[in-house]
Amino acid sequence: MYRVLLLYPYSTQKNDGRWYPSEPLGLLYIATYLNSALRDKGANVSLKILDTHMEGPEVCIKTGRGFRSGMTDEQIMERIRDFDPHIVGITNSYTSGTENVIELIKTVKSVAPSCKIVLGGAHSTIAHKQMIEIPEVDAIVRGEGEETFKELVLALTNAGSLKEIMGLTYKEQGQAVVNEDRPLIPNIDSIPIPDRGLLPYDKYLLHSSRHYLDTMNIPVGTMITSRGCPYRCIFCSTQKVWRNLWRPRSPENVLKEIESLMQNYGVKEVSFQDDQFMGDKDRIKDLCRLIIDRNIPISMIAPPGLSPARLDEETLALMAKAGFYRICFSIDVGTESSKKFVRKPVNLKMMRTLVLKANSMGLWTYGTFVIGFPDETAADIRATISYAYRLRLDYCIFYIAQPHLGSDLYDYYVSRGKISISEVQKYHTMDESLYGTDHVSAEELVRLRDSAARGYLLRYILRFLNPLYVVNEFLPKIASPRKLKYFIRLFRLLRIYK
């Protein structure tokens, strides 16, 4: 029996506060696809998934790097000893989590020195030439992993060659070998729906009330209905993984998974995690019509955001009727100059009309904005903040532009000498800032972001002095007992976190 273990890394943060992830969909897709393919080939392989972030103590573990949410090293080692894997696959999606991945690799090797270590995920794809240099790493699955990982497992179980496996970077006699890229799967309906039975899914549903504090219904299941994005926003790295090719699942295929989550696990709300959920608004309208026609009682959100360029009144109305109750607009810019720099396809003049329509339909609205692009002055940033306030969104989220590996913004920083390639692994997120603009320091960017968040709350409260806003844009949000109950829940959360 050949044993394959897939690991999702724990999380380390600066502050003490245990948090729980949603299900690791990437690993679930890989595992489900592999199991299906191996059954057809009669391979004698046992596969398990271990989420080292979800499992473990209910309090953070203090480490030399901060506070860990997840399993202790001793717990991880015990599980590895028990399973004794031949292959350990570890997902490495985020640059900021790479230190966790490197720690995890060393922990695995300390108790299973002969196992093969295989990395996957966005960061390992983009930085595969650096990551393959880690002594304990044997191979890296680049990009879309289902076919590549399947072929790798079959090759290793049969002592076969790795030379012909597209999408693979590996070591041969200590030297890195980079095989040609693998074409993306053209029809992703052909990929099996993730088998949640491979995980203790009840734990994810139990903790969804902590992960999704501001949802209308619990428990919440997560889904991905498409892969990639056709846009080329300068701060986004997904284009390096998905090559700007957007591939959707059909409405019927998406609905099949929604119904499975409801019937098999009691899910009452779905959180769509697509990079570009609105790649085709006709697809979304067709999905909404299916849900409406079958009278399916499901609530829905898309937290990564919806592209305003793909939204119109008809689409919003269908989404509201089908069960969407909250819309996140991925606006990201607030001035024409930043729009041009970011390459963001958004009509800034039309956004107020779109928000007004959504508000009047009873949809809760929020928007994402990014400040701190390299050429921005403090005045430019304040203009973006002022623009965000004028839209009358229910909530605004302000991020700080950072040069994430794989983004064109990263290349821009390198070309201007603002960052060195040696800083690839350096920790940074869009909530904190390591890099200022040409005119504003990193510390000042944080202060501006924090001030923007506080200022939004004051202006939101003052908005209720406007009778037209209250009647036309607020009252529709609380126009039923279900909506009113949700508003009361949001108000209580605001009191807790103010």
Exercise for the section: Considering (1) more than 30 Å from S338 (Cβ to Cβ); (2) aromatic (F, W, Y); (3) touching a Ser or Thr at 6+ places or on another chain (Cβ under 8 Å), say which one Y201 fails and leave the rest. Expected result: (3)
Practice task
Confirm whether D73 is crowded, with 16+ Cβ neighbours inside 10 Å, within 27 Å of E257 (Cβ to Cβ) and not hydrophobic (A, V, I, L, M, F, W, C).
Solution key: no
Completion exercise
Filtering the stretch 382-404 for residues that are of a type in the set (A, V, I, L, M), buried (at least 23 other Cβ atoms within 10 Å of the Cβ) and either in a strand (DSSP E or B) or touching an Asp or Glu at 6+ places or on another chain (Cβ under 9 Å) (or both) leaves a count of 2
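Being surrounded by 13 or more Cβ atoms within 10 Å (Cβ to Cβ) and assigned to a helix (DSSP H, G or I) is the filter; apply it to the stretch 458-474 and report the residue that is nearest to the chain's Cα centre (by Cα).
Y460
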Practice task
Any chance you could count how many residues in the stretch 26-44 are among the small types (G, A, S) and under 16 Å from G121 (Cβ atoms)?
Solution key: 2
Completion exercise
Scanning the stretch 75-99 for residues that are under 22 Å from the mean Cα position of the chain (by Cα) and modelled with pLDDT of 95 or more gives G89, I90, T91
Exercise for the section: Tally the residues that are farther than 21 Å from I76 by Cα and surrounded by 19 or more Cβ atoms within 10 Å (Cβ to Cβ), restricting the search to the stretch 10-29. Expected result: 1
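Of all residues being of a type in the set (S, T, Y) and touching a Gly at 6+ places or on another chain (Cβ under 7 Å) in the stretch 83-103, which is surrounded by the fewest Cβ atoms within 10 Å (Cβ to Cβ)? Just the residue, please.
Filtering the stretch 83-103 for residues of a type in the set (S, T, Y) gives 91, 93-96, 98.
Of the ones still in play, those that are also touching a Gly at 6+ places or on another chain (Cβ under 7 Å) are 91, 93.
Working: T91: 23, S93: 19.
Looking at the filtered set, the residue picked out is S93.
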Completion exercise
Listed by first then second residue, the pairs whose first member lies in the stretch 72-95 and is within 14 Å of S110 (Cα to Cα), whose partner is small (G, A, S) and part of a helix (DSSP H, G or I), with beta carbons under 7 Å and at least 6 positions apart or on separate chains, are M77/S110
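The rows are residues; the columns are (1) acidic (D, E); (2) within 30 Å of I488 (Cα to Cα).
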position: T215; (1), (2): no, yes
position: V220; (1), (2): no, yes
position: C229; (1), (2): no, no
position: Q239; (1), (2): no, no
position: E259; (1), (2): yes, yes
Practice task
Considering only the stretch 36-74, state which residues are modelled with pLDDT under 95 and part of a helix (DSSP H, G or I).
Solution key: S36, A37, L38, R39, D40, K41
Exercise for the section: Output the residue which, of all residues in the stretch 30-46 that are aliphatic (A, V, I, L, M) and farther than 24 Å from H207 by Cβ, is surrounded by the fewest Cβ atoms within 10 Å (Cβ to Cβ). Expected result: A43
Exercise for the section: Determine if the stretch 329-337 includes at least one residue that is in the same structural domain as F398 (by TED's automatic domain parsing), of a type outside the set (F, W, Y), within 16 Å of P219 (Cα to Cα) and in contact with a Ser or Thr (Cβ under 6 Å, 6 or more places away or on another chain). Expected result: no
Practice task
Filter the stretch 129-161 down to the residues that are under 20 Å from S93 (Cβ atoms) and among the polar types (S, T, N, Q), then identify the one that is modelled with the highest pLDDT.
Solution key: T148
Problem - Single match in V141, V220 (criterion: under 20 Å from I298 (Cα atoms), in contact with a helix residue (DSSP H, G or I) (Cβ under 6 Å, 6 or more places away or on another chain) and crowded, with 16+ Cβ neighbours inside 10 Å) - result: V220
Practice task
Have a look at Y395, Y399, Y412 and point out the one that is modelled with pLDDT of 90 or more and more than 20 Å from D375 (Cβ to Cβ).
Solution key: Y395
Exercise for the section: Being among the aromatic types (F, W, Y) and either more than 14 Å from S337 (Cβ to Cβ) or touching a strand residue (DSSP E or B) at 6+ places or on another chain (Cβ under 7 Å) (or both) is the filter here, so list the residues in the stretch 357-409 that pass it. Expected result: W364, Y366, F369, Y389, Y395, F398, Y399
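Would you be able to tell me the number of residues in the stretch 163-182 that are more than 27 Å from L245 (Cα to Cα), of a type outside the set (G, A, S) and part of a loop (DSSP other than H, G, I, E, B)?
So the answer is 1.
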Practice task
Keeping to the stretch 57-85, report how many residues are touching a helix residue (DSSP H, G or I) at 6+ places or on another chain (Cβ under 6 Å) and within 27 Å of N15 (Cβ to Cβ).
Solution key: 3
Exercise for the section: Among what's in the stretch 6-35 and is part of a loop (DSSP other than H, G, I, E, B) and at pLDDT 95 or above, pick the residue that is nearest to the chain's Cα centre (by Cα). Expected result: P24
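Report yes if R294 is under 30 Å from R232 (Cβ atoms) and either modelled with pLDDT of 95 or more or under 23 Å from the mean Cα position of the chain (by Cα) (or both), otherwise no.
It is false that R294 is under 30 Å from R232 (Cβ atoms) and either modelled with pLDDT of 95 or more or under 23 Å from the mean Cα position of the chain (by Cα) (or both).
Residue by residue, here is whether (1) over 18 Å from the mean Cα position of the chain (by Cα); (2) surrounded by fewer than 15 Cβ atoms within 10 Å (Cβ to Cβ); (3) not acidic (D, E) holds:
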position: Y170; (1), (2), (3): yes, no, yes
position: Q175; (1), (2), (3): yes, yes, yes
position: K203; (1), (2), (3): yes, yes, yes
position: G228; (1), (2), (3): no, no, yes
position: V241; (1), (2), (3): no, no, yes
position: W246; (1), (2), (3): no, no, yes
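The values are calculated or read from the model by the stated rules, or taken from the named source; none is laboratory data. Here the structure is a predicted model, which means the values were calculated and not measured. Glycine gets a Cβ as well: all are built from the backbone with ideal geometry, and neighbour counts include every protein chain shown.
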